[in-house]
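Below is one structure, written out as structure tokens, with a few remarks after it.
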Amino acid sequence: IKKQQQDVLGFLEANKIEFEEKDIAANEENRKWMRENVPEDSRPASGNPLPPRLFNDSRYLGDYEAFFEARENNAVYAFLGLTAPPGSKVGVYIFPSKL
């Protein structure tokens with residue numbers, strides 16, 4: 001999980017995409033919000049969704065695998081729902097677990 005989180009964060013930082021990290025390990029409210037806002041069809045068969053999960057404001061974008069696939073296909077900005085150039089202020093939230 002930590003390696004995936006670092007991969008996402010590193011990409012966003014390198015491309016100057018503004019984001020806000022939400023810690024779900026130390027903040028029960030963040031954990032609850034993330035779990036409630038991951039769509040039913042994107043949840044694991046058992047247990048709770050694990051980080052990293054990406055959102056643009058309150059719109060669920062996907063998990064690490066979806067991000068990785070978008071990056072491999074040079075479609076990250078579309079995946080993130082961004083129309084602005086890199087460096088513009090956007091509401092992208094990442095819910096990592098501080099392990």
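All Cα-Cα separations within region 1-80 were binned at 5 Å from zero, giving a P(r) of 3, 14, 26, 28, 19, 9, 2, 0, each value a whole percent of the pairs.
Note on S46 and Q6: with the Förster distance fixed at 25 Å, the Cβ-Cβ geometry gives a FRET efficiency of about 0.40. Accessible surface computed residue by residue for region 1-80, with neighbouring protein chains in place and a 1.4 Å probe, gives 61 Å² per residue.
The values are calculated or read from the model by the stated rules, or taken from the named source; none is laboratory data. Quick caveat, the model's predicted, so the values are computed rather than measured. Note that each Cβ is placed from the backbone with ideal geometry, even for glycine, and that neighbours are counted across all protein chains shown. Ligands, DNA and RNA are stripped out before the accessible areas are found, and what is left, the full protein with its side chains, is counted by its heavy atoms. Shrake-Rupley method; radii C 1.70, N 1.55, O 1.52, S 1.80 Å.
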